[in-house]
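The values are calculated or read from the model by the stated rules, or taken from the named source; none is laboratory data. Computed from a prediction, not measured in an experiment: that's the story for all the values here. Positions of Cβ are generated from backbone atoms using ideal geometry, with glycine treated the same way; all protein chains shown enter the neighbour counts. The protein model used for the area step is the full one, side chains on, heavy atoms only, and it has no ligands, DNA or RNA in it. Shrake-Rupley method; radii C 1.70, N 1.55, O 1.52, S 1.80 Å.
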Amino acid sequence: MATPRTATRKLLDRLSLPERTYVAEALRTETVGGVLLLVAAIAALIWANSPIKDTYEAVLDLHVGPAALGLDLSLQHWAADGLLAVFFFVAGIELKRELVAGDLRDPRAAALPVVAALCGMAVPALVYTLTNVTGGGSLAGWAVPTATDIAFALAVLAVIGTSLPSALRAFLLTLAVVDDLFAILIIAVFFTDELNFAALGGALVGLAVFWVLLRKGVRGWYVYVPLALVIWGLMYNSGIHATIAGVSMGLMLRCTTRTEDGEKWSPGEHVEHLVRPLSAGLAVPLFALFSAGVSVSGGVLKDVFAQPETLGVVLGLVVGKTVGIFGGTWLTARFTRASLSDDLAWADVFAVASLAGIGFTVSLLIGELAFDGDPALTDEVKAAVLTGSLIAALAATVLLKVRNARYRRLCEAEERDDDLDGIPDIYEDHDPAYHLRMADIYEGKAAEHRRIAGLRAAEREAAERDRLAEVAGGAGDEGDGPA
(Lines give C-alpha, C1' and ligand atoms only; values in the text may rest on other atoms or scores of the structure.)
Protein backbone atom coordinates (compact mmCIF):
# COMPACT_ATOMS: atom_id res chain seq x y z
CA MET A 1 0.00 0.00 0.00
CA ALA A 2 1.34 3.42 -0.91
CA THR A 3 2.38 5.68 1.95
CA PRO A 4 0.14 8.75 2.13
CA ARG A 5 1.91 11.98 1.35
CA THR A 6 2.01 14.56 4.11
CA ALA A 7 0.93 18.07 3.27
CA THR A 8 3.80 20.41 2.51
CA ARG A 9 4.24 23.01 5.25
CA LYS A 10 3.84 26.56 4.03
CA LEU A 11 6.12 29.39 5.09
CA LEU A 12 4.51 32.79 5.78
CA ASP A 13 1.04 31.31 5.36
CA ARG A 14 -2.14 33.02 6.53
CA LEU A 15 -2.32 33.71 10.28
CA SER A 16 -4.95 32.22 12.53
CA LEU A 17 -7.76 34.68 13.31
CA PRO A 18 -6.78 35.27 17.01
CA GLU A 19 -3.12 35.77 16.04
CA ARG A 20 -4.14 38.10 13.22
CA THR A 21 -6.25 40.18 15.63
CA TYR A 22 -3.40 40.43 18.15
CA VAL A 23 -0.83 41.32 15.49
CA ALA A 24 -3.13 43.99 14.00
CA GLU A 25 -3.55 45.65 17.41
CA ALA A 26 0.17 45.49 18.22
CA LEU A 27 1.18 46.84 14.83
CA ARG A 28 -1.35 49.66 15.04
CA THR A 29 0.29 50.98 18.21
CA GLU A 30 3.80 50.42 16.86
CA THR A 31 2.92 52.28 13.67
CA VAL A 32 1.72 55.34 15.59
CA GLY A 33 4.82 55.13 17.77
CA GLY A 34 6.99 54.76 14.68
CA VAL A 35 5.61 57.96 13.19
CA LEU A 36 6.32 59.78 16.49
CA LEU A 37 9.79 58.23 16.47
CA LEU A 38 10.38 59.53 12.95
CA VAL A 39 9.20 63.01 13.94
CA ALA A 40 11.45 62.98 17.04
CA ALA A 41 14.49 61.90 15.01
CA ILE A 42 13.91 64.65 12.45
CA ALA A 43 13.43 67.20 15.25
CA ALA A 44 16.71 66.09 16.85
CA LEU A 45 18.58 66.45 13.55
CA ILE A 46 17.13 69.91 12.93
CA TRP A 47 17.89 71.03 16.50
CA ALA A 48 21.47 69.68 16.43
CA ASN A 49 22.18 71.43 13.11
CA SER A 50 20.43 74.73 13.81
CA PRO A 51 21.93 78.03 15.04
CA ILE A 52 20.85 77.04 18.59
CA LYS A 53 22.64 73.68 18.52
CA ASP A 54 24.49 74.65 21.72
CA THR A 55 21.22 74.41 23.61
CA TYR A 56 20.81 70.82 22.37
CA GLU A 57 24.18 69.86 23.86
CA ALA A 58 23.32 71.71 27.06
CA VAL A 59 20.04 69.79 27.43
CA LEU A 60 21.77 66.46 26.81
CA ASP A 61 24.37 67.20 29.49
CA LEU A 62 21.86 68.44 32.09
CA HIS A 63 22.25 66.18 35.15
CA VAL A 64 19.33 65.26 37.38
CA GLY A 65 18.76 62.55 39.97
CA PRO A 66 19.93 61.60 43.47
CA ALA A 67 23.73 61.40 43.53
CA ALA A 68 23.63 59.47 46.84
CA LEU A 69 21.98 56.57 45.00
CA GLY A 70 24.43 56.71 42.11
CA LEU A 71 21.74 58.12 39.84
CA ASP A 72 22.97 61.65 39.11
CA LEU A 73 22.66 61.13 35.35
CA SER A 74 22.46 63.34 32.29
CA LEU A 75 19.18 63.50 30.40
CA GLN A 76 20.81 61.58 27.55
CA HIS A 77 21.83 58.89 30.04
CA TRP A 78 18.33 58.77 31.54
CA ALA A 79 16.89 58.28 28.07
CA ALA A 80 19.25 55.41 27.22
CA ASP A 81 19.09 53.61 30.57
CA GLY A 82 15.71 54.65 31.95
CA LEU A 83 13.28 55.19 29.08
CA LEU A 84 14.58 52.23 27.10
CA ALA A 85 13.95 50.01 30.13
CA VAL A 86 10.25 50.61 29.44
CA PHE A 87 10.80 49.64 25.79
CA PHE A 88 12.57 46.43 26.79
CA PHE A 89 9.88 45.67 29.39
CA VAL A 90 7.32 45.60 26.56
CA ALA A 91 9.77 43.57 24.44
CA GLY A 92 10.01 41.04 27.28
CA ILE A 93 6.21 40.68 27.43
CA GLU A 94 6.05 40.28 23.64
CA LEU A 95 8.72 37.58 23.75
CA LYS A 96 6.97 35.74 26.62
CA ARG A 97 3.68 35.81 24.75
CA GLU A 98 5.28 34.54 21.54
CA LEU A 99 6.91 31.69 23.50
CA VAL A 100 3.77 30.52 25.31
CA ALA A 101 0.85 31.56 23.09
CA GLY A 102 2.20 32.82 19.78
CA ASP A 103 4.13 31.52 16.80
CA LEU A 104 7.26 30.67 18.81
CA ARG A 105 5.28 28.13 20.86
CA ASP A 106 5.42 25.64 17.99
CA PRO A 107 9.05 24.68 17.22
CA ARG A 108 8.18 24.14 13.56
CA ALA A 109 6.61 27.57 13.23
CA ALA A 110 9.35 29.16 15.37
CA ALA A 111 12.13 27.85 13.15
CA LEU A 112 11.57 30.47 10.45
CA PRO A 113 11.70 33.72 12.50
CA VAL A 114 14.44 32.36 14.78
CA VAL A 115 16.71 31.24 11.92
CA ALA A 116 15.95 34.40 9.93
CA ALA A 117 16.68 36.61 12.98
CA LEU A 118 19.93 34.79 13.79
CA CYS A 119 21.13 35.01 10.19
CA GLY A 120 19.92 38.61 10.11
CA MET A 121 22.24 39.38 13.04
CA ALA A 122 25.20 37.17 12.18
CA VAL A 123 25.64 38.35 8.58
CA PRO A 124 25.62 42.11 9.43
CA ALA A 125 28.16 41.44 12.22
CA LEU A 126 30.29 39.51 9.71
CA VAL A 127 30.00 42.29 7.11
CA TYR A 128 31.06 44.87 9.71
CA THR A 129 33.96 42.70 10.88
CA LEU A 130 35.27 42.05 7.36
CA THR A 131 34.99 45.74 6.47
CA ASN A 132 37.01 46.77 9.52
CA VAL A 133 39.57 43.98 9.27
CA THR A 134 40.35 44.94 5.68
CA GLY A 135 40.16 48.68 6.43
CA GLY A 136 42.05 48.65 9.71
CA GLY A 137 39.12 49.91 11.79
CA SER A 138 37.85 49.10 15.27
CA LEU A 139 35.96 45.85 15.81
CA ALA A 140 34.15 47.27 18.85
CA GLY A 141 31.06 48.17 16.82
CA TRP A 142 30.36 44.72 15.37
CA ALA A 143 26.96 44.58 17.10
CA VAL A 144 25.72 47.99 15.93
CA PRO A 145 24.13 46.85 12.62
CA THR A 146 22.57 43.69 14.07
CA ALA A 147 19.32 45.24 15.37
CA THR A 148 16.03 45.89 13.55
CA ASP A 149 13.77 48.75 14.64
CA ILE A 150 10.21 47.48 14.16
CA ALA A 151 8.61 50.86 15.00
CA PHE A 152 10.68 52.72 12.43
CA ALA A 153 10.04 49.99 9.83
CA LEU A 154 6.29 50.25 10.39
CA ALA A 155 6.49 54.03 10.20
CA VAL A 156 8.04 53.64 6.75
CA LEU A 157 5.18 51.33 5.75
CA ALA A 158 2.68 53.91 7.02
CA VAL A 159 4.36 56.74 5.12
CA ILE A 160 4.66 54.91 1.78
CA GLY A 161 1.14 53.48 2.16
CA THR A 162 1.84 49.91 1.12
CA SER A 163 -0.76 47.23 1.82
CA LEU A 164 1.59 44.59 3.22
CA PRO A 165 -0.26 41.30 3.93
CA SER A 166 -0.72 40.36 7.58
CA ALA A 167 1.55 37.29 7.26
CA LEU A 168 4.50 39.44 6.20
CA ARG A 169 3.76 42.03 8.90
CA ALA A 170 3.59 39.27 11.52
CA PHE A 171 6.87 37.84 10.23
CA LEU A 172 8.48 41.25 10.57
CA LEU A 173 7.09 41.69 14.11
CA THR A 174 8.16 38.21 15.29
CA LEU A 175 11.55 38.69 13.67
CA ALA A 176 12.00 41.94 15.58
CA VAL A 177 10.98 40.28 18.88
CA VAL A 178 13.63 37.56 18.45
CA ASP A 179 16.06 40.23 17.29
CA ASP A 180 15.42 42.22 20.50
CA LEU A 181 16.05 39.11 22.61
CA PHE A 182 19.49 38.54 21.13
CA ALA A 183 20.26 42.27 21.27
CA ILE A 184 19.52 42.16 25.00
CA LEU A 185 21.87 39.19 25.39
CA ILE A 186 24.57 41.04 23.45
CA ILE A 187 24.22 44.09 25.71
CA ALA A 188 24.30 41.94 28.87
CA VAL A 189 27.27 39.78 27.83
CA PHE A 190 29.52 42.09 25.82
CA PHE A 191 28.91 45.50 27.39
CA THR A 192 29.30 44.71 31.07
CA ASP A 193 32.76 45.73 32.29
CA GLU A 194 32.66 45.69 36.09
CA LEU A 195 30.14 44.12 38.42
CA ASN A 196 28.94 45.41 41.79
CA PHE A 197 27.87 42.11 43.31
CA ALA A 198 26.03 43.73 46.23
CA ALA A 199 23.83 45.77 43.90
CA LEU A 200 23.40 42.79 41.57
CA GLY A 201 22.35 40.61 44.50
CA GLY A 202 19.82 43.24 45.57
CA ALA A 203 18.42 43.40 42.03
CA LEU A 204 18.06 39.61 41.94
CA VAL A 205 16.28 39.64 45.31
CA GLY A 206 13.95 42.35 43.98
CA LEU A 207 13.20 40.26 40.90
CA ALA A 208 12.47 37.26 43.12
CA VAL A 209 10.01 39.35 45.16
CA PHE A 210 8.45 40.60 41.91
CA TRP A 211 7.99 36.99 40.74
CA VAL A 212 6.49 35.83 44.07
CA LEU A 213 3.99 38.71 44.12
CA LEU A 214 2.90 37.86 40.59
CA ARG A 215 2.44 34.18 41.46
CA LYS A 216 0.45 35.09 44.58
CA GLY A 217 -1.91 37.17 42.45
CA VAL A 218 -1.11 40.45 44.18
CA ARG A 219 -2.52 43.37 42.18
CA GLY A 220 -2.01 47.11 42.17
CA TRP A 221 0.35 49.37 40.28
CA TYR A 222 1.28 51.04 43.58
CA VAL A 223 3.00 47.76 44.55
CA TYR A 224 4.79 46.94 41.30
CA VAL A 225 5.87 50.38 40.05
CA PRO A 226 7.92 51.29 43.18
CA LEU A 227 9.39 47.77 43.25
CA ALA A 228 10.28 48.03 39.55
CA LEU A 229 12.04 51.36 40.16
CA VAL A 230 14.10 49.81 42.99
CA ILE A 231 15.04 46.84 40.81
CA TRP A 232 16.01 49.18 37.97
CA GLY A 233 18.18 51.34 40.24
CA LEU A 234 19.98 48.32 41.69
CA MET A 235 20.51 46.83 38.23
CA TYR A 236 21.96 50.10 36.99
CA ASN A 237 24.40 50.27 39.91
CA SER A 238 25.39 46.63 39.45
CA GLY A 239 27.21 47.44 36.19
CA ILE A 240 24.81 45.46 34.01
CA HIS A 241 22.87 47.65 31.59
CA ALA A 242 19.67 48.74 33.32
CA THR A 243 17.44 47.70 30.40
CA ILE A 244 18.03 44.09 31.47
CA ALA A 245 15.82 44.81 34.49
CA GLY A 246 12.97 45.79 32.17
CA VAL A 247 13.11 42.67 30.01
CA SER A 248 13.48 40.42 33.09
CA MET A 249 10.28 41.75 34.64
CA GLY A 250 8.47 41.51 31.30
CA LEU A 251 9.40 37.84 30.97
CA MET A 252 7.96 37.10 34.43
CA LEU A 253 4.40 38.16 33.56
CA ARG A 254 1.90 35.41 32.82
CA CYS A 255 0.81 35.53 29.17
CA THR A 256 -1.70 32.66 29.10
CA THR A 257 -5.39 33.06 29.93
CA ARG A 258 -7.18 31.02 32.59
CA THR A 259 -10.51 30.06 31.11
CA GLU A 260 -11.77 28.76 34.45
CA ASP A 261 -11.43 32.31 35.83
CA GLY A 262 -13.22 33.80 32.83
CA GLU A 263 -10.13 35.68 31.68
CA LYS A 264 -10.36 37.26 28.24
CA TRP A 265 -6.84 38.65 28.42
CA SER A 266 -3.85 37.37 30.32
CA PRO A 267 -2.16 39.68 32.87
CA GLY A 268 0.82 40.09 30.52
CA GLU A 269 -1.39 41.13 27.61
CA HIS A 270 -3.33 43.51 29.86
CA VAL A 271 -0.15 45.18 31.15
CA GLU A 272 1.29 45.32 27.64
CA HIS A 273 -1.89 47.01 26.42
CA LEU A 274 -1.42 49.67 29.11
CA VAL A 275 2.34 50.16 28.82
CA ARG A 276 2.88 49.82 25.05
CA PRO A 277 1.46 53.31 24.28
CA LEU A 278 3.80 54.75 26.94
CA SER A 279 6.74 52.94 25.35
CA ALA A 280 5.91 53.65 21.71
CA GLY A 281 4.45 57.10 22.23
CA LEU A 282 6.81 58.60 24.83
CA ALA A 283 9.84 56.53 25.88
CA VAL A 284 11.24 55.63 22.46
CA PRO A 285 10.55 59.03 20.79
CA LEU A 286 12.27 60.81 23.70
CA PHE A 287 15.24 58.47 23.37
CA ALA A 288 15.37 59.34 19.66
CA LEU A 289 15.20 63.05 20.48
CA PHE A 290 18.19 62.76 22.83
CA SER A 291 20.22 60.34 20.68
CA ALA A 292 19.64 61.14 17.00
CA GLY A 293 20.92 64.72 17.09
CA VAL A 294 24.19 64.44 15.18
CA SER A 295 25.88 67.07 13.05
CA VAL A 296 25.07 66.49 9.40
CA SER A 297 27.17 68.06 6.66
CA GLY A 298 28.73 67.10 3.39
CA GLY A 299 31.97 66.27 5.16
CA VAL A 300 30.25 64.07 7.75
CA LEU A 301 28.31 62.14 5.09
CA LYS A 302 31.49 61.72 3.08
CA ASP A 303 33.28 60.35 6.17
CA VAL A 304 30.47 57.82 6.70
CA PHE A 305 31.58 56.06 3.52
CA ALA A 306 35.28 56.68 4.09
CA GLN A 307 35.84 55.29 7.60
CA PRO A 308 35.78 51.51 8.10
CA GLU A 309 33.68 51.72 11.31
CA THR A 310 30.92 53.78 9.76
CA LEU A 311 31.07 52.06 6.37
CA GLY A 312 30.79 48.71 8.18
CA VAL A 313 27.60 49.90 9.92
CA VAL A 314 26.02 51.10 6.65
CA LEU A 315 26.93 47.92 4.74
CA GLY A 316 25.83 45.78 7.69
CA LEU A 317 22.38 47.36 7.76
CA VAL A 318 21.80 47.61 4.01
CA VAL A 319 23.54 44.48 2.70
CA GLY A 320 24.04 42.28 5.75
CA LYS A 321 20.47 42.46 7.05
CA THR A 322 18.93 41.81 3.62
CA VAL A 323 21.21 38.92 2.73
CA GLY A 324 21.03 37.42 6.23
CA ILE A 325 17.23 37.42 6.62
CA PHE A 326 16.54 36.39 3.03
CA GLY A 327 19.20 33.69 3.20
CA GLY A 328 17.93 32.41 6.55
CA THR A 329 14.38 32.17 5.19
CA TRP A 330 15.55 30.36 2.06
CA LEU A 331 17.68 27.93 4.10
CA THR A 332 14.69 27.18 6.33
CA ALA A 333 12.61 26.33 3.27
CA ARG A 334 15.45 24.31 1.76
CA PHE A 335 16.28 22.13 4.73
CA THR A 336 12.79 21.69 6.19
CA ARG A 337 11.23 20.96 2.79
CA ALA A 338 8.69 23.67 3.42
CA SER A 339 7.41 25.83 0.60
CA LEU A 340 6.53 29.50 0.46
CA SER A 341 2.87 30.46 0.77
CA ASP A 342 1.02 30.33 -2.56
CA ASP A 343 0.04 33.98 -2.09
CA LEU A 344 3.65 35.21 -1.87
CA ALA A 345 6.87 35.13 -3.90
CA TRP A 346 10.51 35.21 -2.88
CA ALA A 347 10.62 38.82 -4.09
CA ASP A 348 8.28 39.66 -1.18
CA VAL A 349 10.65 38.04 1.32
CA PHE A 350 13.56 40.00 -0.17
CA ALA A 351 11.63 43.28 0.14
CA VAL A 352 10.77 42.63 3.81
CA ALA A 353 14.38 41.61 4.47
CA SER A 354 15.54 44.96 3.08
CA LEU A 355 12.98 46.74 5.28
CA ALA A 356 14.51 44.99 8.32
CA GLY A 357 17.72 46.87 7.54
CA ILE A 358 16.19 49.86 9.32
CA GLY A 359 18.11 49.82 12.60
CA PHE A 360 17.56 52.76 14.89
CA THR A 361 16.71 52.51 18.59
CA VAL A 362 18.83 49.53 19.65
CA SER A 363 21.53 50.28 17.05
CA LEU A 364 21.96 53.78 18.48
CA LEU A 365 22.09 52.35 22.00
CA ILE A 366 24.73 49.75 21.09
CA GLY A 367 26.70 52.42 19.21
CA GLU A 368 26.82 54.54 22.38
CA LEU A 369 27.96 51.55 24.44
CA ALA A 370 30.52 50.32 21.91
CA PHE A 371 32.34 53.65 21.52
CA ASP A 372 31.64 55.09 24.95
CA GLY A 373 35.13 56.64 25.33
CA ASP A 374 35.15 58.32 21.90
CA PRO A 375 32.36 60.94 21.55
CA ALA A 376 33.42 61.93 18.03
CA LEU A 377 33.32 58.35 16.73
CA THR A 378 30.04 57.78 18.58
CA ASP A 379 28.43 60.64 16.65
CA GLU A 380 29.88 59.34 13.38
CA VAL A 381 28.49 55.87 14.07
CA LYS A 382 25.09 57.42 14.83
CA ALA A 383 25.25 59.22 11.48
CA ALA A 384 26.08 55.86 9.88
CA VAL A 385 23.06 54.24 11.53
CA LEU A 386 20.81 57.01 10.22
CA THR A 387 22.37 56.80 6.74
CA GLY A 388 22.13 53.01 6.54
CA SER A 389 18.53 53.06 7.81
CA LEU A 390 17.59 55.70 5.23
CA ILE A 391 19.13 53.70 2.37
CA ALA A 392 17.39 50.52 3.57
CA ALA A 393 14.08 52.39 3.81
CA LEU A 394 14.42 53.77 0.27
CA ALA A 395 15.35 50.35 -1.14
CA ALA A 396 12.41 48.70 0.64
CA THR A 397 10.05 51.42 -0.60
CA VAL A 398 10.96 50.72 -4.21
CA LEU A 399 10.73 46.94 -3.81
CA LEU A 400 7.42 47.03 -1.94
CA LYS A 401 5.81 49.55 -4.28
CA VAL A 402 6.52 47.26 -7.24
CA ARG A 403 4.37 44.57 -5.62
CA ASN A 404 1.81 46.85 -3.97
CA ALA A 405 -1.04 46.05 -6.39
CA ARG A 406 -0.66 42.38 -5.49
CA TYR A 407 -0.56 43.21 -1.76
CA ARG A 408 -3.70 45.31 -2.07
CA ARG A 409 -5.63 42.39 -3.58
CA LEU A 410 -4.42 40.07 -0.81
CA CYS A 411 -5.45 42.55 1.88
CA GLU A 412 -8.87 43.05 0.31
CA ALA A 413 -9.36 39.27 0.33
CA GLU A 414 -8.30 39.14 4.00
CA GLU A 415 -10.76 41.90 4.96
CA ARG A 416 -13.76 40.76 2.90
CA ASP A 417 -16.83 39.99 5.03
CA ASP A 418 -19.80 39.45 2.72
CA ASP A 419 -22.00 37.84 5.38
CA LEU A 420 -21.35 40.76 7.78
CA ASP A 421 -20.71 38.55 10.81
CA GLY A 422 -17.52 40.34 11.84
CA ILE A 423 -15.25 37.48 10.74
CA PRO A 424 -13.37 37.74 7.41
CA ASP A 425 -14.83 35.27 4.92
CA ILE A 426 -11.44 33.77 4.20
CA TYR A 427 -11.45 32.24 7.72
CA GLU A 428 -14.87 30.62 7.25
CA ASP A 429 -14.37 28.91 3.92
CA HIS A 430 -14.56 25.43 5.48
CA ASP A 431 -17.56 26.18 7.71
CA PRO A 432 -20.87 24.77 6.34
CA ALA A 433 -22.85 27.36 8.30
CA TYR A 434 -20.98 30.12 6.48
CA HIS A 435 -21.86 28.66 3.09
CA LEU A 436 -25.53 28.33 4.12
CA ARG A 437 -25.54 32.00 5.15
CA MET A 438 -23.92 32.97 1.86
CA ALA A 439 -26.44 30.82 -0.07
CA ASP A 440 -29.30 32.71 1.61
CA ILE A 441 -27.62 36.00 0.82
CA TYR A 442 -27.02 35.07 -2.81
CA GLU A 443 -30.56 33.70 -3.19
CA GLY A 444 -31.93 36.96 -1.86
CA LYS A 445 -29.71 38.93 -4.22
CA ALA A 446 -30.72 36.67 -7.13
CA ALA A 447 -34.40 37.21 -6.35
CA GLU A 448 -33.85 40.95 -6.25
CA HIS A 449 -31.97 40.85 -9.56
CA ARG A 450 -34.78 38.78 -11.11
CA ARG A 451 -37.32 41.32 -9.89
CA ILE A 452 -35.30 44.21 -11.31
CA ALA A 453 -34.72 42.32 -14.56
CA GLY A 454 -38.50 41.69 -14.85
CA LEU A 455 -39.25 45.39 -14.30
CA ARG A 456 -36.66 46.40 -16.88
CA ALA A 457 -38.08 43.87 -19.39
CA ALA A 458 -41.61 45.18 -18.81
CA GLU A 459 -40.35 48.74 -19.28
CA ARG A 460 -38.65 47.79 -22.55
CA GLU A 461 -41.80 46.01 -23.80
CA ALA A 462 -43.94 49.04 -22.94
CA ALA A 463 -41.48 51.35 -24.66
CA GLU A 464 -41.45 49.10 -27.75
CA ARG A 465 -45.27 49.09 -27.90
CA ASP A 466 -45.35 52.88 -27.64
CA ARG A 467 -42.79 53.19 -30.44
CA LEU A 468 -44.73 50.86 -32.76
CA ALA A 469 -47.93 52.77 -32.02
CA GLU A 470 -46.25 56.05 -32.93
CA VAL A 471 -44.89 54.57 -36.17
CA ALA A 472 -48.31 53.19 -37.14
CA GLY A 473 -50.03 56.47 -36.33
CA GLY A 474 -47.46 58.44 -38.32
CA ALA A 475 -47.90 56.19 -41.40
CA GLY A 476 -51.70 56.76 -41.44
CA ASP A 477 -51.34 60.53 -41.28
CA GLU A 478 -48.89 60.51 -44.20
CA GLY A 479 -51.31 58.48 -46.43
CA ASP A 480 -54.18 61.02 -45.89
CA GLY A 481 -52.12 63.97 -47.22
CA PRO A 482 -52.26 65.44 -50.80
CA ALA A 483 -50.52 63.51 -53.62
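I need the calculated FRET efficiency for the pair Ala188 and Val225, taking r as the beta carbon distance and R₀ as 25 Å, to the nearest 0.05.
So the FRET efficiency works out to roughly 0.60.
Distance between the C-alpha centers of segment 77-123 and segment 149-187? Whole Å please. That distance is 10 Å. Measuring only protein heavy atoms, the 1.4 Å probe finds Val271 accessible over about 40 Å². Fully extending the segment from Thr55 to Trp265 would add 71.0 nm, taking 0.36 nm per residue of separation and subtracting the current Cα-Cα distance. A probe of 1.4 angstrom, applied to the heavy atoms of all protein chains, finds Lys302 with accessible area near 150 square angstrom. Taking amide H as placed 1.01 Å from N in the peptide plane, Leu340 has its amide H under 5 Å from the amide H of Leu11, each at least 5 places away in sequence or on another chain. In order along segment 237-252, phi translates into HN-Hα couplings of 6, 6, x, 7, 4, 5, 5, 4, 4, x, 5, 5, 5, x, 5, 7 Hz, rounded to whole numbers, per the Karplus curve 6.51 cos²θ - 1.76 cosθ + 1.60 with θ = phi - 60° and x for Gly and Pro. Measuring with a 1.4 angstrom probe and ignoring ligands and nucleic acids, Asp379 comes out at about 70 Å² accessible.
Distance from a point 7 Å along Cα→Cβ of Val402 to each backbone N in segment 338-355: keep the residues under 18 Å and list them by number. Within reach of a label on Val402, which here means backbone N under 18 Å from a point 7 Å along Cα→Cβ, segment 338-355 contributes 344-355.
So, R0 is 30 Å and r is the distance between the beta-carbons of Ala472 and His449; what FRET efficiency does that work out to, to 0.05?
Details: r = 34 Å, r/R0 = 1.15.
FRET efficiency, Ala472 to His449: 0.30.
Helical runs (DSSP H, four residues minimum) scored at -39500 (n - 2.57) apiece and divided by the length of the chain put the mean residue ellipticity at 222 nm at -23000 deg cm²/dmol. Checked against a 30 Å cut-off, the cross-linked pairs Lys216/Lys264; Lys53/Lys302; Lys96/Lys321; Lys264/Lys321 give Cα-Cα distances beyond that limit for Lys264/Lys321. If the segment from Phe197 to Val39 were pulled out straight at 0.36 nm per residue, it would be longer than the present Cα-Cα gap by 52.8 nm. From the residues Ile358, Gly327, His435, which one has its Cα farthest along the dipole of segment 314-435 in the positive direction, the dipole being from +1 and -1 charges on Cβ of Lys/Arg and Asp/Glu about the Cα centre? In segment 314-435, that residue is Gly327. With θ taken as phi - 60° and the Karplus curve 6.51 cos²θ - 1.76 cosθ + 1.60 applied, the whole-hertz 3J(HN,Hα) list for segment 82-93 is x, 5, 6, 5, 5, 4, 6, 4, 5, 4, x, 5 Hz, x standing for glycine and proline. Surface listing: Glu57, Glu98, Glu368 arranged by accessible area from highest to lowest gives Glu57, Glu368, Glu98, probe 1.4 Å. Residues Cys411, Cys255, ordered by accessible area of protein heavy atoms at a 1.4 angstrom probe radius and largest first, appear as Cys411, Cys255. Each peptide in 208-214, 357-363 receives the mean, over its residues, of other Cβ atoms within 10 Å, and ordering these scores from highest gives 357-363, 208-214.
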